[in-house]
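Q: I have a structure I would like to understand better, so I am pasting it below and will then ask my questions one at a time.
The values are calculated or read from the model by the stated rules, or taken from the named source; none is laboratory data. Everything numeric here is computed off the predicted structure, so don't read it as measured data. Glycine gets a Cβ as well: all are built from the backbone with ideal geometry, and neighbour counts include every protein chain shown.
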Amino acid sequence: MDKKTIRNNSISIGTGIGTYYLTKHLGFRTVKTVLSPLRPKIPENRVEPLRQSINELIKNEQLDKINIRFVDTSNPQYIEACNKNNNKKLFSIKRKIVSTKNPIKKLKLLYVYSKQKRNTKIENELLEGTNGCYINFLKKIIVNMKKIPHAFFHEAGHAIDYTNPFLEKLFKYNKNKKLLRFPIFATLLTALVTPANKENKTITDKINSFVKKHCGILATLGFLPMMVCETSANLKGQFLAKKYAHADLKLLTKSHMHSLVSYWALPLIAGISVWTANKVKDKIAQNLKHSDPKTLKS
């Protein structure tokens with residue numbers, strides 16, 4: 001392989017990777033812009049009835065007997081304790097970064113600091129009521145009851161699903177970001193590295209060509225474990241809402257539909273991004289090949 005070919009391949013593959021990230025970013029921004037205004041808001045006069053429904057749910061479903069606890073992040077004391085703890089952690093890491101002279105240790109501490117900043121951002125979302133979650137190793141359902149009490153039902157669905165051995169394994173896979181991203185990146189790189197109209201001489205060539213041809217669908221299917229987990233949690237949440245919060249069922253149904261559409265948008269964006277990246281890469285590679293003087297002569 002000569003330098004010209006290596007250069008052309010690098011340009012086309014690099015453009016493909018850039019296209020993937022750009023398309024994914026635009027896709028996420030579009031979905032967020034469209035769906036955010038459609039997110040159902042709970043009237044203030046329905047917060048207390050929902051709280052009572054949730055207390056009844058916790059009691060009747062015996063969540064406390066499987067050691068599941070509920071944390072309301074609208075509690076001012078809880079907010080103050082979390083902010084104090086996060087600031088203390090960040091300040092402690094900052095001090096270590098300043099005092100450490102070893103460049104390798106400093107880099108490690110900078111990574112730890114950035115990770116803690118991400119964790120603080122996620123925790124702030126929980127405190128502000130822009131998100132809720134269930135943390136299995138802590139056995140905690142965390143929801144802001146003043147702003148998003150409806151999220152409790154979805155998170156309770158997750159908590160119940162964790163008692164199922166099969167779904168628990170899927171959850172663990174889903175929570176591992178590296179494992180979750182691997183099928184998408186493997187599909188993307190295989191599609192970009194494999195030339196268009198490649199001759200299928202070996203089994204490996206046939207597999208690579210198949211992946212390239214169906215890269216969009218395969219990237220979408222990479223999110224299948226996440227979709228099973230989230231869809232199951234939504235269905236269980238809807239069942240619990242129907243059972244314990246019938247007066248607010250219409251509102252909770254809208255919430256679960258909004259959540260489901262949001263989650264199902266992720267694999268579709270991933271599939272479209274990989275497919276677009278593959279098409280752009282092939283087009284660039286074709287243009288570079290046609291612009292090569294050797295190709296024009298032949």
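Q: Among (1) among the charged types (D, E, K, R); (2) closer than 26 Å to F137 by Cβ; (3) without any contact (Cβ under 8 Å) to a residue 24 or more places away in the chain, there is one condition D72 misses while meeting the rest; what is its number?
A: (3)
Q: Condition first: touching a Leu at 6+ places or on another chain (Cβ under 8 Å) and either of a type in the set (G, A, S) or modelled with pLDDT of 90 or more (or both). Now tell me which residues in region 36-56 satisfy that.
A: The answer is none; no residue qualifies.
Q: Does V261 qualify as being assigned to a helix (DSSP H, G or I), out of contact with any strand residue (DSSP E or B) (no Cβ under 9 Å at 6 or more places or on another chain) and more than 22 Å from K32 (Cβ to Cβ)?
A: Working: assigned to a helix (DSSP H, G or I): yes; out of contact with any strand residue (DSSP E or B) (no Cβ under 9 Å at 6 or more places or on another chain): yes; more than 22 Å from K32 (Cβ to Cβ): no.
Judged against the criteria, V261 is not a match.
Q: Which of the helices (runs of 4 or more DSSP H) found entirely inside region 117-219 contain at least 2 residues meeting this: in contact with a Leu (Cβ under 8 Å, 6 or more places away or on another chain), under 30 Å from G18 (Cα atoms) and modelled with pLDDT under 90?
A: Result: 165-175.
Q: Among the numbered criteria (1) among the hydroxyl-bearing types (S, T, Y); (2) over 30 Å from F185 (Cβ atoms); (3) assigned to a helix (DSSP H, G or I), which single criterion is violated by Y20?
A: It is condition (2) that Y20 fails.
Q: Anything in region 174-189 that is buried (at least 18 other Cβ atoms within 10 Å of the Cβ) and under 13 Å from the mean Cα position of the chain (by Cα)? List them, or say none.
A: Residues satisfying the conditions are N174, I184.
Q: Tell me whether region 228-238 contains one or more residues that are modelled with pLDDT of 90 or more, closer than 30 Å to R69 by Cα, among the aliphatic types (A, V, I, L, M) and out of contact with any Lys or Arg (no Cβ under 7 Å at 6 or more places or on another chain).
A: yes
Q: Report yes if L192 is more than 22 Å from the chain's Cα centre (by Cα) and either buried (at least 22 other Cβ atoms within 10 Å of the Cβ) or not charged (D, E, K, R) (or both), otherwise no.
A: It is true that L192 is more than 22 Å from the chain's Cα centre (by Cα) and either buried (at least 22 other Cβ atoms within 10 Å of the Cβ) or not charged (D, E, K, R) (or both).
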